[in-house]
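Values quoted throughout were computed directly from the atomic coordinates according to the rules given, and no laboratory measurement underlies them. Remember, predicted model here, so these are calculated numbers, not experimental data. Quick reminder, even Gly has a Cβ in these numbers, built from the backbone with ideal geometry, and neighbours come from all protein chains shown.
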């Protein structure tokens, strides 16, 4: 029995949990499920049989699904609080000094500039593969920070 059969069994009762088993945290979820049912996370056949034989399977699976949803909600709330705290800090600096903190604006300008400069360098120059790899890494980091800057100054698209 493969992981697909286990996903099918779980998805019938806890669709979010069943879908997540195939994702990047699938191993962790399978371990949680195995723990709840007294099974082995490496033996999907045994685990599926234990789930099907357990009369409380629906309750256990929905409980695990609720715990995972709560973790995601907490992480999202933490991100929102972080952005809000940064915005409040900026307002407090303006109130106390009468000026904006130039460092925030300088970083907000420098990071996109670095991102686009790196892209331009990759597109227009010939260099060793190892040099390109360094630039690709830098573009990844700068791209992520660029997204943070947009979220900070213009708000998140997740309303």
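Odds and ends about this structure:
- The listed peptides 12-23, 125-136, ordered by packing as a protection proxy, come out as 12-23, 125-136 (highest mean of other Cβ atoms within 10 Å first).
- Calculated FRET value between residue 126 and residue 105, using beta carbons and R₀ = 35 Å, to 0.05: 0.50
- Taking label points 7 Å from Cα along the Cα-to-Cβ direction, residue 97 and residue 40 give a separation of 6.2 nm.
- Residue among 115, 37, 102 with the largest mean-square fluctuation in a Gaussian network model of the chain, springs linking Cα atoms under 10 Å: 102
- With contributions of -39500 (n - 2.57) from each DSSP H run of at least four residues, the per-residue ellipticity at 222 nm computed over the chain stands at -28000 deg cm²/dmol.
- The chain, relative contact order [Cα under 8 Å, separation at least 6], %: 15 percent
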